[in-house]
1. Give me the distance in nm between label points sitting 7 Å out from Cα along the Cα-to-Cβ direction at A:R186 and A:K68, one decimal.
2. Quick one: order A:E133, A:E249 by neighbouring beta-carbon count within 10 Å, fewest to most.
3. At a Förster distance of 56 Å, what's the computed FRET efficiency of A:L100 paired with B:K104, Cβ-Cβ distance as r, to 0.05?
4. What full-extension length gain, to one decimal in nm, is calculated for A:D225 and A:K307 as 0.36 nm per residue of separation minus the Cα-Cα distance?
5. Can you list residues whose amide H is under 5 Å from A:G167's amide H, if they're 5+ apart or on another chain and H is modeled 1.01 Å from N?
6. Would you please give the residues with an amide H less than 5 Å from that of A:I25, counting only those at least 5 places away or on a separate chain, with H modeled from the backbone geometry?
7. Return B:Y256, B:Y15, A:Y183, A:Y13 ranked ascending by Cβ neighbour count within 10 Å, so the fewest neighbours appear first.
8. In chain A, what % of DSSP beta bridges are antiparallel (nearest 5)?
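Each value in this text was obtained by applying a stated rule to the coordinates, not by laboratory testing. All of these numbers come straight from a predicted model, not from anything done at the bench. So basically every Cβ, Gly included, is an ideal-geometry build from the backbone, and we count neighbours across all protein chains shown.
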Protein chains: 2
Amino acid sequence: MESSGETVQLKQYYYIGVDLGGTNIKAVAINKHGKIFCEKNIPTESEYGPPAVIRKIISIIDNFKTSKKLSKMKLVGIGIAVAGVVDMDQGVCKFLPNLLTGWKDIPIITQIEKQSNSKAFLINDVRATTLGEKTFGAGQGVENLICITLGTGIGGGVVINGQIYFGSEGVAGEIGHQIIEPYGPRCTCGSRGCLEALASGPALCSQAIKLVKQGSDTIIRDLVDNDLNKIDPLVVENAARQGDMLALEIWEREAYYLGLAIANLLVVLNPEMIIIGGGISKAADLLFEPIKKTIRQRVFVGPDIDKLKLVRSKLGDEAGAIGAAIWAMLNLSKK
Amino acid sequence: MESSGETVQLKQYYYIGVDLGGTNIKAVAINKHGKIFCEKNIPTESEYGPPAVIRKIISIIDNFKTSKKLSKMKLVGIGIAVAGVVDMDQGVCKFLPNLLTGWKDIPIITQIEKQSNSKAFLINDVRATTLGEKTFGAGQGVENLICITLGTGIGGGVVINGQIYFGSEGVAGEIGHQIIEPYGPRCTCGSRGCLEALASGPALCSQAIKLVKQGSDTIIRDLVDNDLNKIDPLVVENAARQGDMLALEIWEREAYYLGLAIANLLVVLNPEMIIIGGGISKAADLLFEPIKKTIRQRVFVGPDIDKLKLVRSKLGDEAGAIGAAIWAMLNLSKK
């Protein structure tokens, strides 16, 4: 991706991508080469409900349009990525579990289009992240890849033959709800032993709290001043980086479950690359070797494990917004 | 598919498909509409080694060519499907575990082409079955589907956006080696708790033998004249059809594991259809309801379960040979 800040030429075109999450709304304005002209990151404040949130999105769009950098360029289209279940064809947010109030069957695209006077397109946020990484991030030039985002939840996206794959109802990629241990812990979805129930941020923290409470010898207790509710993935990461055995064991466990999930994806889909993104991926260097160990112990039929590229996402927190802008680009180029 | 036996017209074209399995070599000659003109099924006798087996294949091809039905038609190409790992580009059988002697790195396509004077193309047998079902069987007109073959092993094939999907190394679809129970029984592949180790024909029989030995009340013992080595899936099927509770329990267990595997495929790939083929699929009516029950208990995020089409294969034992012929067709139409 090119860096921003160069002189803007006349008659250039740009796309806006918005990533609507439970905590923040992130937005970027990019051209078709992935050059970022503007960025914005503001709190979602979802407690004020959908109309207020949509007004915030519109104000970012207006802000971009009138900014010095973009005032002489033409906005072609807007992509909106949201954390939840979407009807892409109708542009409707069916259910956004991370947003507080009223996000059920909200026709966000109609409203954005009306208020912005631009064409807009809806996509799930993890599929957008995947599209971003495939187009301008770690997955450039790769035909078959799977992107896994590790955070409060575990999401995913699948690229097949160079194209993002949505499945027959547009919901393919729910990698976090693969069942890894049929009799494992209850998942928020209602099933048991899903990858998300075993390896999400909250699952990692629960495991840490449990082990610290059991009295294991660890510096984690000191790092949170004895307040175990303060344990988060970053604390466990810091402890591991200081060589804390308990913290290392927790990351090994995390990698073990991820390794099982990835093993299953490898035998079914034989991708060339697995991209790990999301908040927890910042600890990727603690995860990659034990993930590979599990894969080597588990995959004997099919893919050549040595050829697999297991990499960290490149676009970071902007991947979803960038992917949303690409989604607008792809839809408009079809017409 | 049309039935055979009509008057052959001049200048018609046909393709030969050969399915080379551990027990039998099956072959068909079909036109581009899937009309079958000739069929052949002979024992593989793999103990005589690759050259003898390849001679058998050539003799079938010669036999077809000189048959009355095909003598005035033109052979366009040959597809060879094999049970094992293949290098499709090089036309080499890398490893065929079900064939007895010497099937390691055998350049079968070079030999078939030389001896038949026709273009030939290699494909894995389950991918060929999937292609057959997609083109002329249960999957006609379906864009995204997964075909699972249940037999001595468990294989699979994935159709994405109307095309058979091979993955980055040509080995996608190894559904039998998804890990369903990480601490489950040892699989022949070297891992543990693979679907194949839990739900293949041999796994089903082991379970039956174990339960019968434990003295459960069942008619299975009578059906095999007290010789438990005679227990095969058909015996367990017959017992279940007579209402035998133990046999029904064994099928429920089979369906449970298949349901878990299918649940994982649904959340990741959101296919419109799952096709169940292979020997055990003859008991499909015993499996479908309990499979659906497991899926309903396990899939809460993503696909709408009520929209899923769970069906039995339509082409039966010829699916692999028909798919091999289609594989030749597809490759030749590219050029």
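1. Inter-label distance under the simple model: 5.7 nm.
2. A:E249, A:E133
3. 0.40
4. Using 0.36 nm per residue and subtracting the Cα-Cα distance, I get 25.1 nm.
5. Residues meeting the amide H criterion: A:A172.
6. A:I42, A:T44
7. Listed from fewest to most nearby Cβ atoms, that is A:Y183, A:Y13, B:Y256, B:Y15.
8. The answer is about 55 percent antiparallel.
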